[in-house]
1. For the chain, what relative contact order do you get, as a whole percent, if you take Cα pairs closer than 8 Å and at least 6 residues apart?
2. For the range 87-230, just say rounded, prolate or oblate: build the C-alpha gyration tensor, square-root its eigenvalues into a ≥ b ≥ c, call rounded for a/c under 1.5, and beyond that prolate if a/b exceeds b/c, oblate if not.
3. Could you work out how much longer the chain between residue 145 and residue 261 gets when fully extended? Use 0.36 nm per residue separation minus the Cα distance between them, nm to one decimal.
4. Can you give the three extents of the C-alpha atoms in the range 43-100 along their principal axes, from longest to shortest, in whole Å?
5. Would you calculate, for the chain, the mean residue ellipticity at 222 nm contributed by helices, counting each DSSP H stretch of 4 or more residues as -39,500 (n - 2.57) and dividing by all residues, to the nearest 500?
6. Choose one answer from 39, 75, 151: the residue with the largest mean-square fluctuation in a GNM of the chain with alpha-carbon springs under 10 Å.
7. For the range 62-131, what does the alpha-carbon gyration tensor say about shape, rounded, prolate or oblate, given a ≥ b ≥ c as the root eigenvalues, a/c under 1.5 as rounded, and a/b over b/c as prolate?
8. For Cα extents along the principal axes in Å, one of (i) 49, 48, 37; (ii) 50, 43, 37; (iii) 43, 43, 34 was computed from the structure I shared and the rest are decoys. Which label?
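All of the numbers you see were taken from the coordinates with simple rules; none came from a lab. Since the model is a prediction, treat every value here as computed from it, not as a measurement. Don't worry about glycine lacking a Cβ; one is built from the backbone with ideal geometry, like all the others, and counts go over all protein chains shown.
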């Protein structure tokens, strides 16, 4: 059983929901990511989504784009992200880590280091899941199989516009969990409509038999609590990035941890 599956199974037995924060690797400071990950876990995070900086992040809004640009300017690429995960694993052998990003860095990594080098090195670093925004499920069966052979789950996005056919295609290859994008548009855009999410999740669960997390538009304890009533996991990215982006180095972890604790308390309530 993968770390992701084990985490969701444990939470389900406890009747609790997963809290999944997203942070961009190398942001807001080059050296802070492993310690920031530990701080969020201590404050109640169950899975960490770690964004791989990319110059053309089509699904990300201005907040996460800005974070990615800053990390890129500090020299953070996929190689550095894997090194950060490896450092995190030195002190935490249990918390799942999911890399979220785009096809280009993965394919470039394999060009430089050899066929399937990304999968090999991600597994060696302690990565548990990969979410590649621009890999459609119908083109991912071989990739998904190789990932699973190395203990890594392939996670997919579903959206308000996803058809029944798309849900079936995702169900054939997805593992770990599925990430439902609650808004039409990019990260951090729009206002969350809980009723629309509540209507969509039963449709998804007819086809997808892994946990369903919901993200895009969750910004505070109130919205997290509302989504936590109906989803298996709550994913928070843009608001967390906003909170830490202008903090001095010594305040970043405390600010992120305080926010995580407020969301954890709301979900457990």
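1. It rounds to 23 percent for the chain.
2. It is prolate, given that a/c is not under 1.5 and a/b is the larger ratio.
3. Numbers: separation 116, 0.36 × 116 = 41.76 nm, distance 3.63 nm.
So the extension gain works out to 38.1 nm.
4. For the range 43-100, the Cα extents along the three principal axes come out at 32, 22, 17 Å.
5. Details: 12 runs with 133 residues, N = 269.
Value at 222 nm, helices only, nearest 500: -15000 deg cm²/dmol.
6. 75
7. In terms of gyration-tensor shape, oblate.
8. (iii)
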